[in-house]
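So that we are looking at the same thing, I have put the structure below in structure tokens.
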Amino acid sequence: MKVAVPTSDGKNISKHVALSKFFYVYEEGKEVEKIENPLIENLKESSVSLHTHEGRGLGAGRIIPSLLAQKDVRVFLAREIGEGMRTNMQRMGIKCIETQEKNIEQALNAI
């Protein structure tokens, strides 16, 4: 079963899904794929700051679930998941799990 985790450094789970640089995909606890977040490129090309709440409303709740579903991800592990994203993930057959754990390895071991 594939599990996706939003991260910017490959070690810690990003607090904000839409602003994470990557989505690491794990299978049986091992990293199998690293997906660049397409929203980051969109932010770079616009005048929106990466470090403010202006970045919200970029369609993350629609874009990210579709992207992960195409990669056969079945579980999305994040620190915070908005209702729109959660609903769209579930529609795509992806189970959402929220964790307070910051370290990816520890969070994966807990599920």
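Considering only region 61-76, state which residues are over 11 Å from residue 4 (Cα atoms) and either open to solvent by 90 Å² or more (accessible area, probe 1.4 Å) or touching a helix residue (DSSP H, G or I) at 6+ places or on another chain (Cβ under 6 Å) (or both).
Passing the criteria: 61, 62, 70.
Could you tell me which residue of region 20-57 is most open to solvent (accessible area, probe 1.4 Å), considering only residues that are modelled with pLDDT under 90 and acidic (Asp, Glu)?
The extreme case among them is 45.
State which residue pairs qualify: first residue on the phi < 0 side of the Ramachandran plot and inside region 86-108, second residue acidic (Asp, Glu) and open to solvent by 50 Å² or more (accessible area, probe 1.4 Å) in any location, beta carbons under 7 Å apart, and separation of 6 or more residues or different chains.
The qualifying pairs are 98/80; 107/101.
Another one. Out of the residues in region 77-111 meeting the condition of being exposed (fewer than 15 other Cβ atoms within 10 Å of the Cβ) and polar (S, T, N, Q), tell me which one is nearest to residue 5 (Cα to Cα).
103
The values are calculated or read from the model by the stated rules, or taken from the named source; none is laboratory data. If you're wondering where the values come from, they're calculated on a predicted model, not measured in any experiment. Using ideal geometry, Cβ is built from the backbone for each residue, glycine included, and neighbour counts are taken over all protein chains shown. Note: areas computed on protein heavy atoms with side chains; ligands, DNA, RNA excluded. Shrake-Rupley method; radii C 1.70, N 1.55, O 1.52, S 1.80 Å.
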